[in-house]
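We did not get these values from a lab; they are worked out from the coordinates using the rules stated. Please read these numbers as outputs of a predicted model, since none were measured by experiment. Cβ coordinates were reconstructed from backbone atoms using ideal geometry, including for glycine residues, and neighbour counts include every protein chain displayed.
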Amino acid sequence: MKRLVALAWGLLAAAAQAAEPSTRAYVFQALLDGKPIGEHRFTVVTEGATRRVTSEADFKVTLLGLTAYRYRHRAQEQWAGDCLVSLASTTDDDGKASGVTLARAGDVDEITTATGRATVSGCLMTYAYWNPALLSQGRLLNPQTGKVAAVRIERVAAGRIAVRGVEVDAVDWRISGGDSPIDVWVSADGAWVGLDSVVAGGRHKLSYRLP
């Protein structure tokens with residue numbers, strides 16, 4: 001009897017532990033042409049098949065001690081498996097404010113921005129670099145603009161990238177079809193470890209690195 005009771009308590013404890021949400025944070029230093037300008041933090045809370053994701057970016061570019069450009073972005077996302085089910089984002093792009101919301105009803109996503117509403121059917125993802133399923137997508141939602149773009153994601157090359165001061169092997173995956181190509185670096189164990197893109201019409205390079 002004691003063994004049965006102990007076994008029951010063990011199963012209950014294991015079930016409770018399995019139900020506890022797990023949290024993973026990705027905190028990247030943002031660099032413009034190699035110079036630090038702020039950070040972008042992604043917090044992913046997984047509970048069973050659902051995820052809650054918070055994305056927070058804060059950049060400031062200074063010139064001769066003065067602020068030449070400021071960018072702030074925050075997004076709250078809810079996921080069911082690899083499908084986005086809700087989104088609420090706000091962005092301050094150097095004084096220009098914008099917001100996006102997404103609500104899912106059945107197989108349809110309703111996306112609302114300051115310019116109007118649009119509906120999209122099927123499973124939709126944002127630029128969720130932390131999610132390995134991103135690499136198989138043919139379209140992605142920009143959480144700042146609310147636009148859904150057809151994309152092509154392809155393996156460019158293997159290489160090495162600095163991760164917390166140490167060079168590691170990684171693969172460069174390029175996302176094409178949005179505003180500009182984005183190179184996403186994925187380590188040998190499948191973790192997102194870096195990002196490179198071009199901004200300001202190709203005049204500057206934006207990078208994310210793990211400090």
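Per residue, the Cα convex hull of the range 21-209 amounts to 123 Å³. Relative contact order, whole percent, for the range 21-209 stands at 14, derived from Cα pairs under 8 Å and 6 or more residues apart.
Taking a quarter of the surface of the Cα convex hull of the range 100-148 gives a mean projected area of 3.4 nm². Our coupling estimate for the range 145-156, obtained by passing each phi through the Karplus curve with A = 6.51, B = -1.76, C = 1.60 and θ = phi - 60°, is 9, x, 7, 9, 10, 6, 10, 10, 10, 9, 6, 8 Hz, Gly and Pro reported as x. Other residues with beta-carbon under 13 Å from the beta-carbon of Gln78 carry, at +1 per Lys or Arg and -1 per Asp or Glu, a net charge of -1.
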